[in-house]
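Structure first, then comments.
The values are calculated or read from the model by the stated rules, or taken from the named source; none is laboratory data. These numbers were taken from a predicted model, which means no experiment stands behind them. Cβ placement follows ideal geometry from the backbone for every residue including glycine, while neighbour counts extend to all protein chains displayed.
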């Protein structure tokens with residue numbers, strides 16, 4: 001199908017790797033030839049491979065360790081610190097009756113997935129170990145929160161509590177709050193009798209119903225076995241020396257090993273057998289690099305997020321490949337997430353990524369209802385069934401499924417596949433059409449991605465249906481009916497007119513949420529309006545200004561007073577819509593600003609929630625509000641797609657990049673470069689820009705047997721040259737069917753190599 005995503009037909013994997021290295025080195029070499037200062041082409045241009053986050057080996061060792069209780073030689077378990085001066089050492093955990101259980105907290109530095117294991121060198125007694133995993137350190141232990149059931153008098157060393165869950169010997173326990181609170185050390189507890197023993201004795205009476213809390217809490221896992229069918233806390237009971245393995249865990253940074261029974265155990269090593277897609281630099285078929293280190297980190301964090309979400313064939317008892325929403329919790333295919341994950345998979349991993357997208361779409365369509373509805377998630381809740389069960393989440397998510405399938409075709413050019421599933425996509429479109437009102441707007445009491453029902457004629461739902469219609473019109477012209485395409489375009493245009501006539505709110509200077517809530521400003525609808533051309537030029541500044549009122553230091557909120565039912569307010573999925581909208585109307589600096597607010601925190605290794613991947617959501621303060629928050633979530637990976645398509649500037653126009661567009665948005669960047677895999681060969685681009693685009697140089701290498709457009713920013717005083725020939729001067733184009741719009745001069749060219757300069761006359 002995609003015989004050029006990796007190499008020419010017939011080449012070996014080793015030769016493909018060498019050829020890609022040659023292409024990458026050649027692209028780096030061209031940087032100097034198109035006008036980059038010497039220092040910029042060397043010291044200021046790091047190797048993109050250094051940003052790749054996947055472990056270099058399938059056997060992953062911890063990079064840090066912390067201890068509680070009686071633990072010796074803990075650093076043995078950290079890479080590079082496993083020997084003494086004269087002989088190997090072992091880490092020994094010892095737990096005595098009535099004493100704090102010995103434990104080690106292993107930090108792997110970033111999210112991984114796989115099977116944890118330990119190498120046992122000695123043991124005394126019959127040791128029992130618990131093994132818990134978590135993406136965030138704060139959720140590896142759960143503090144107890146209960147009440148005293150019966151009053152306890154001064155001098156008591158034991159109380160009865162409503163629940164003895166999450167207690168651990170050696171932790172502190174606090175009875176009451178404020179100045180009368182008494183904090184003690186737990187010495188024993190009985191989960192059946194619900195008694196709690198402590199020392200020293202109470203110095204004052206504790207009434208019944210007194211609030212009782214512990215710190216730091218008992219070992220816990222942030223995984224949800226009921227949804228994902230995997231994870232939870234493992235119990236290990238070694239009976240001899242040698243290696244012992246836990247169960248598979250899908251997404252974690254931390255492993256907590258606790259010796260819960262009296263005795264001791266010595267370990268020479270602890271690690272994880274990585275199970276999943278471990279993409280090394282040789283596996284990347286596309287790459288990106290720019291003058292902004294933080295943006296570079298975002299591109300590769302998005303790629304790594306996607307990789308953590310990929311379920312290889314055979315894993316978890318399922319024969320097919322799937323793209324899950326997150327590394328942990330749901331571990332289900334979600335259509336909304338696929339809108340971001342699909343392009344990310346294909347633009348970073350080429351053929352391999354495309355195979356995951358196609359397989360996931362197959363799972364979606366296998367559970368399509370007779371009325372045309374596609375499930376929002378075809379494999380939700382795998383706790384009792386590894387294959388899961390279809391969840392028809394919302395009409396909007398049904399449409400997302402059809403759009404994800406069309407995106408697959410747009411990026412791959414797999415005509416046979418899209419032709420086969422075209423009837424299913426037509427059926428879904430007919431299903432969604434039932435929500436269109438006589439006013440040519442969409443009304444549906446739907447949850448959509450932030451799970452809150454929206455009533456009335458909803459702006460975002462109407463724009464989403466417009467997008468679906470336009471995508472279907474494009475598809476029908478490629479493989480179906482031109483007459484149907486014309487009908488879809490006409491209906492889409494009527495929706496655009498209705499949105500502007502009915503849902504624009506002059507007082508907001510933006511579009512309202514819905515006909516029921518016209519005075520509520522929402523990020524997503526206004527962002528999509530910018531991205532898909534709903535906003536007339538004279539209104540753009542007003543919408544951009546209104547959206548900026550939603551910004552916080554940690555990203556944009558959904559809207560004033562709007563809170564997801566689970567309690568969060570900042571959605572990276574919606575923020576990605578806004579950055580896309582800002583790029584579309586040439587507000588690159590605004591897009592970069594919002595990217596840095598939303599995703600900059602996520603790529604900061606000093607942030608306590610850092611996983612190397614992108615998070616599902618945030619609160620106003622930049623944190624998350626529950627243990628099950630996904631910290632490796634695919635729908636947040638939009639920076640990877642947008643840095644490729646809006647900053648490097650490469651987008652597909654016709655299937656498989658048979659025709660393409662190169663239109664970089666430079667913003668405050670000095671340079672960017674990279675490569676995009678296509679059916680016909682790689683598209684390689686690098687550009688350099690001086691302040692205010694006073695001079696721009698762009699080099700593009702595009703495949704033969706393709707064609708496309710190259711657009712560069714201009715003013716009336718600019719001079720544009722392509723391969724030394726002047727093609728734009730005095731405000732007009734003179735070659736390559738050039739046109740000028742929205743501050744860009746655009747030229748239509750056949751596949752080939754182009755050196756372009758833009759300078760002020």
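I'd like the residue in segment 421-447 that is part of a loop (DSSP other than H, G, I, E, B) and touching a residue at least 60 places away in the same chain (Cβ under 8 Å) and, out of all such residues, is farthest from the chain's Cα centre (by Cα).
As a first pass, look at segment 421-447 and keep what is part of a loop (DSSP other than H, G, I, E, B): 434-435, 437-441, 444-445, 447.
Now drop any that are not touching a residue at least 60 places away in the same chain (Cβ under 8 Å), which leaves 439, 441.
On the way: 439: 36, 441: 31 Å.
Within segment 421-447, the match that is farthest from the chain's Cα centre (by Cα) is 439.
Might you check whether a residue that is touching a residue at least 12 places away in the same chain (Cβ under 8 Å), buried (at least 18 other Cβ atoms within 10 Å of the Cβ), under 29 Å from residue 324 (Cβ atoms) and touching a strand residue (DSSP E or B) at 6+ places or on another chain (Cβ under 6 Å) occurs anywhere in segment 195-208?
Within segment 195-208 (the criterion being touching a residue at least 12 places away in the same chain (Cβ under 8 Å), buried (at least 18 other Cβ atoms within 10 Å of the Cβ), under 29 Å from residue 324 (Cβ atoms) and touching a strand residue (DSSP E or B) at 6+ places or on another chain (Cβ under 6 Å)), the answer is no, since none of the residues qualifies.
If we only count strands (runs of 3 or more DSSP E) wholly inside segment 122-178, which ones have 1 or more residues that are at pLDDT 95 or above and more than 37 Å from the chain's Cα centre (by Cα)?
Fully inside segment 122-178 and qualifying: 145-147, 158-160, 172-175.
Can residue 193 be described as closer than 30 Å to residue 632 by Cα and over 32 Å from the mean Cα position of the chain (by Cα)?
No; evaluated as a whole, the condition is false for this residue.
Tally time: how many residues in segment 701-710 are surrounded by fewer than 23 Cβ atoms within 10 Å (Cβ to Cβ) and either assigned to a strand (DSSP E or B) or not assigned by TED's automatic domain parsing to the domain that holds residue 738 (or both)?
3
Would you pick out the residues in segment 500-511 that are free of Cβ contacts under 8 Å to residues at least 60 places away in the same chain and surrounded by fewer than 23 Cβ atoms within 10 Å (Cβ to Cβ)? Spell out how you get there, then give the answer.
Here is the first cut: in segment 500-511, the residues free of Cβ contacts under 8 Å to residues at least 60 places away in the same chain are 500-501, 504-511.
Answer for segment 500-511, where residues must be free of Cβ contacts under 8 Å to residues at least 60 places away in the same chain and surrounded by fewer than 23 Cβ atoms within 10 Å (Cβ to Cβ): 500, 501, 504, 505, 506, 507, 508, 509.
Output the residues belonging to segment 734-748 that are in contact with a strand residue (DSSP E or B) (Cβ under 6 Å, 6 or more places away or on another chain) and part of a strand (DSSP E or B).
Correct list: 739, 744, 745, 746, 747, 748.
Of these, 591, 627, 613, 580, which one is under 18 Å from the mean Cα position of the chain (by Cα), under 22 Å from residue 377 (Cβ atoms) and either modelled with pLDDT of 95 or more or part of a strand (DSSP E or B) (or both)?
None of the other options fit; the residue is 613.
State yes or no: is residue 232 touching a helix residue (DSSP H, G or I) at 6+ places or on another chain (Cβ under 8 Å), free of Cβ contacts under 8 Å to residues at least 40 places away in the same chain, under 27 Å from residue 356 (Cα atoms) and not assigned by TED's automatic domain parsing to the domain that holds residue 197?
Answer is yes for this residue.
Return the pairs, sorted by first residue and then second, in which the second residue is surrounded by fewer than 24 Cβ atoms within 10 Å (Cβ to Cβ) and modelled with pLDDT under 95, the first residue lies in segment 452-469 and is closer than 21 Å to residue 405 by Cβ, the beta carbons are less than 6 Å apart, and the residues are 6+ apart or on different chains.
Pairs that qualify, where the first residue is closer than 21 Å to residue 405 by Cβ and the partner is surrounded by fewer than 24 Cβ atoms within 10 Å (Cβ to Cβ) and modelled with pLDDT under 95, are 461/444.
If we keep just the residues of segment 619-643 that are in contact with a strand residue (DSSP E or B) (Cβ under 6 Å, 6 or more places away or on another chain) and more than 15 Å from residue 326 (Cβ to Cβ), which is surrounded by the most Cβ atoms within 10 Å (Cβ to Cβ)?
643
Can you tell me which residue in segment 197-227 is nearest to the chain's Cα centre (by Cα), limited to those that are under 23 Å from residue 107 (Cα atoms) and not in a loop (DSSP other than H, G, I, E, B)?
225
On the basis of being closer than 30 Å to residue 665 by Cβ and part of a loop (DSSP other than H, G, I, E, B), does residue 285 make the cut?
It is true that residue 285 is closer than 30 Å to residue 665 by Cβ and part of a loop (DSSP other than H, G, I, E, B).
Return yes when residue 282 is at pLDDT 95 or above, surrounded by fewer than 18 Cβ atoms within 10 Å (Cβ to Cβ) and under 30 Å from residue 643 (Cβ atoms) and no when it is not.
yes
For residue 482, only one of the following conditions fails: (1) free of Cβ contacts under 8 Å to residues at least 24 places away in the same chain; (2) under 30 Å from residue 377 (Cβ atoms). What is its number?
Unmet for residue 482, out of (1) free of Cβ contacts under 8 Å to residues at least 24 places away in the same chain; (2) under 30 Å from residue 377 (Cβ atoms): (2).
Among (1) over 35 Å from the mean Cα position of the chain (by Cα); (2) touching a residue at least 60 places away in the same chain (Cβ under 8 Å), where does residue 744 come up short?
(1)
Against the definition (in contact with a strand residue (DSSP E or B) (Cβ under 7 Å, 6 or more places away or on another chain) and under 17 Å from residue 552 (Cβ atoms)), how does residue 599 come out, yes or no?
Against the criterion (in contact with a strand residue (DSSP E or B) (Cβ under 7 Å, 6 or more places away or on another chain) and under 17 Å from residue 552 (Cβ atoms)), residue 599 does not qualify.
Inside segment 380-406, can you point out the residues that are in contact with a strand residue (DSSP E or B) (Cβ under 7 Å, 6 or more places away or on another chain) and either buried (at least 22 other Cβ atoms within 10 Å of the Cβ) or under 25 Å from residue 467 (Cβ atoms) (or both)?
Matches in segment 380-406: 380, 388, 390, 391, 393, 394, 395, 396.
Right, residue 529: more than 20 Å from the chain's Cα centre (by Cα), surrounded by fewer than 23 Cβ atoms within 10 Å (Cβ to Cβ) and closer than 30 Å to residue 427 by Cβ or not?
Values: more than 20 Å from the chain's Cα centre (by Cα): yes; surrounded by fewer than 23 Cβ atoms within 10 Å (Cβ to Cβ): no; closer than 30 Å to residue 427 by Cβ: yes.
So residue 529 does not fit the description; no.
Just name the residue that is modelled with the highest pLDDT out of those in segment 665-698 that are assigned to a loop (DSSP other than H, G, I, E, B) and on the phi > 0 side of the Ramachandran plot. First the steps, then the outcome.
Taking segment 665-698 and keeping what is assigned to a loop (DSSP other than H, G, I, E, B), we get 665-670, 677-682, 690, 694.
Among the residues that remain, those that are also on the phi > 0 side of the Ramachandran plot are: 667, 681.
On the way: 667: 95, 681: 98.
Result: 681.
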